[in-house]
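A quick write-up on the structure given underneath.
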Amino acid sequence: MTNRVVVVGSANTDMIVRCDHIPQPGETVLGGEFVTAAGGKGANQAVSAARLGAEVAFIARLGADIFGDKALEGYKAEGINTDAIIRDPGAPSGVALIIVDSKAENSIAVAPGANSRLSPADVEAAEALIAKADVMLLQLEIPLDTVAAAARIARRQGVQVILNPAPATTLSPELLSFVDVLTPNAGEARRLAGLPPDDPTPRAEVAQILRRHGIEVVVMTLGAEGALAAGPGGAVTVPGFEVTPVDTTGAGDGFNAGLAVALARDPDDLQRAVRYGNAVGALTATKVGAQPALPRQSAVEALLAGG
Ligand code: RIB
């Protein structure tokens, strides 16, 4: 079984401060240690998939600066194909300012820099690379027309498209029509379904509303509870794993990478793929930072065997 994943998305350097609580507007909070770590939803997914044993290509834009140098070095060290990563002298590399509270929850502000210049033409130029993949992973920290172009190419090339709709925004019916698997969290799912955040519609029904856009599978992530997988055969909740969370940053990216790798290995076993994603997400939450926390295949298999 082949196991090739192409990721189109963002690359950031994360600047993380741990605080007792996330500051309110106008409030200053004295925090703990400052950590700089590799991040960005796209890069996290690419690195995670590589650590889980997939053959990974990453399509992205980095600034021609020291953050970009370090990021590129990191991807190469993970064995990721970086042929379609463009160094852009016209914009700085992406940066994310992250505050993590004592409950492991975070608040993130992103300065996208070069990520916002990843264009449909950049992705079109990488069509041959995309055609070699089994699965494409997409998120929303790059321009939406680039996400749509990537999904369109993947569909044309018979590559399965997984879209993680984060950060949440409104998506065009055209983009959704190219998506095979949509992976919103509960809040993103309600927003995409056109429902207010406090709407009481049961999760399984929200997933079915989204499936009516022509999406075969909706996997709604539920944090520590696990994930709800809704496909043609109905909806099922796949429970999460009990861990002690330290920092949930990147846990969703780990989940998506785990799901993608497991689906690339066995496209017919959705529940198994969701359980695999849950294990990757849970382990990611046990360490500080996104990329430093993403687990290797052996750790995931150990959790799956014991859980
Ligand atoms: O999903 C976590 C990521 O979101 C962080 O690594 C940060 O860079 C932001 O993109």
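Anything in the chain that counts as a DSSP H helix reaching 20 Å or more along its axis (C-alpha) with Kyte-Doolittle mean of at least 1.6? List them, would you? Working shown, then result.
On the way: long enough: 251-265 (21 Å, 0.73); 270-284 (21 Å, 0.17).
Helix filter hits for the chain: none.
Taking the DSSP beta bridges in segment 1-149 as the whole, what percent of them are antiparallel, to the nearest 5?
Values: 12 of 33 bridges.
Around 35 percent antiparallel, to the nearest 5.
Which far-off residues, 5 or more places away or on another chain, put their amide H under 5 Å from the one on Asn12, with H placed in the peptide plane?
For Asn12, the qualifying residues are Gly39, Gly40, Ala43.
How big is segment 145-287 on each of its three principal axes, counting only the C-alpha atoms and giving the largest first in Å?
40, 36, 30
Can you tell me which lysines have their Cα less than 21 Å from the Cα of Lys103? Leave out same-chain residues fewer than eight positions away.
Result set, ordered by chain and number: Lys287.
If each residue's Cβ is checked for other Cβ atoms within 10 Å, how do Leu195, Leu182 rank with the fewest at the top?
Leu195, Leu182
Among Ser116, Ser298, Ser93, what is the fewest-to-most ranking by other Cβ atoms within 10 Å? Don't skip to the answer; put the middle values down first.
On the way: Ser116 17, Ser298 11, Ser93 28.
The fewest-first ordering by Cβ neighbours comes to Ser298, Ser116, Ser93.
Can you list the aspartates and glutamates whose alpha carbon is less than 17 Å from that of Lys41, not counting same-chain residues fewer than 8 positions off?
Filter leaves Asp14, Glu78, Glu105, Glu141, Glu188, Asp247, Asp253.
What length, rounded to one decimal in nm, is gained on full extension from Val246 through to Ala64, with 0.36 nm per residue of separation minus their alpha-carbon distance?
Details: separation 182, 0.36 × 182 = 65.52 nm, distance 3.29 nm.
Residue separation times 0.36 nm, minus the Cα-Cα distance, leaves 62.2 nm.
Taking θ = phi - 60°, what integer Hz values does the Karplus form 6.51 cos²θ - 1.76 cosθ + 1.60 yield along segment 212-222, in sequence order, with x for Gly and Pro?
Per-residue couplings from phi come out as 5, 7, x, 8, 5, 10, 10, 10, 9, 7, 10 Hz.
In whole angstrom, how far apart do the alpha carbon centroids of segment 1-37 and segment 211-243 sit?
Using only Cα atoms to place each centre, the spacing works out to 25 Å.
Rounded to the nearest 20 debye, what is the charge dipole size of segment 192-235 about its Cα centre when +1 sits on each Lys and Arg Cβ and -1 on each Asp and Glu Cβ? Mind dumping the intermediate values first?
On the way: 3 positive and 5 negative charges, 32 e Å.
Dipole size: approximately 160 debye.
Lys103 to Leu144: FRET efficiency via 1/(1 + (r/R0)^6), r the Cβ-Cβ distance, R0 30 Å, to the nearest 0.05?
On the way: r = 32 Å, r/R0 = 1.07.
That gives a FRET efficiency of 0.40.
Would you mind classifying segment 80-139 by shape? Square roots of the alpha carbon gyration tensor eigenvalues, ordered a ≥ b ≥ c; an a/c under 1.5 is rounded, otherwise it is prolate if a/b is larger than b/c and oblate if not. Before the final figure, lay out the partial values.
Working: a/c = 3.17, a/b = 1.66, b/c = 1.91.
It comes out oblate by the Cα gyration axes.
Within 10 Å of each residue's Cβ, count the other Cβ atoms and sort Phe241, Phe34 from fewest upward. Don't skip to the answer; put the middle values down first.
On the way: Phe241 18, Phe34 9.
Listed from fewest to most nearby Cβ atoms, that is Phe34, Phe241.
I want the local charge near Ala151. Using Cβ-Cβ distances under 14 Å, sum +1 for each Lys or Arg and -1 for each Asp or Glu among the other residues.
Values: positive: Arg152, Arg155, Arg156; negative: Glu124, Glu127, Asp145, Glu174, Asp180, Glu216.
Net charge around Ala151: -3.
When the dipole is taken about the Cα centre of the chain, and only Lys, Arg (+1) and Asp, Glu (-1) are charged at their Cβ, what size is it in debye, to the nearest 20?
Details: 24 positive and 34 negative charges, 88 e Å.
It comes to approximately 420 debye.
How high is the relative contact order of the chain, given as a whole-number percent (alpha carbon pairs under 8 Å, six or more residues apart)?
Numbers: 751 pairs, mean separation 58.1, N = 307.
The normalised contact order for the chain reaches 19 percent.
Based on the Cβ-Cβ distance of Asp269 and Glu27, what FRET efficiency does E = 1/(1 + (r/R0)^6) give at R0 = 45 Å, to the nearest 0.05?
Numbers: r = 47 Å, r/R0 = 1.05.
Efficiency for this residue pair is about 0.40.
Which of the lysines could a cross-linker span from Lys132 if the Cα-Cα distance has to be under 21 Å and same-chain partners fewer than 8 positions apart are dropped?
Lys76
Starting from the 7 Å offset along Cα-to-Cβ, what nm value, one decimal, do you get for the label separation of Glu124 and Asp198?
Distance between the two pseudo-spin positions: 4.7 nm.
Considering only the chain, what is the antiparallel percent among its DSSP beta bridges, to the nearest 5? Could you put the intermediate results ahead of the total?
On the way: 22 of 52 bridges.
The antiparallel proportion sits near 40 percent.
Read the figures in this text as sums done on the coordinates, not as results from a lab. Keep in mind that what you see is a predicted model, and the values were worked out from it rather than measured. Here Cβ is always computed from backbone atoms with ideal geometry, including for glycine, and neighbour counts include all displayed protein chains.
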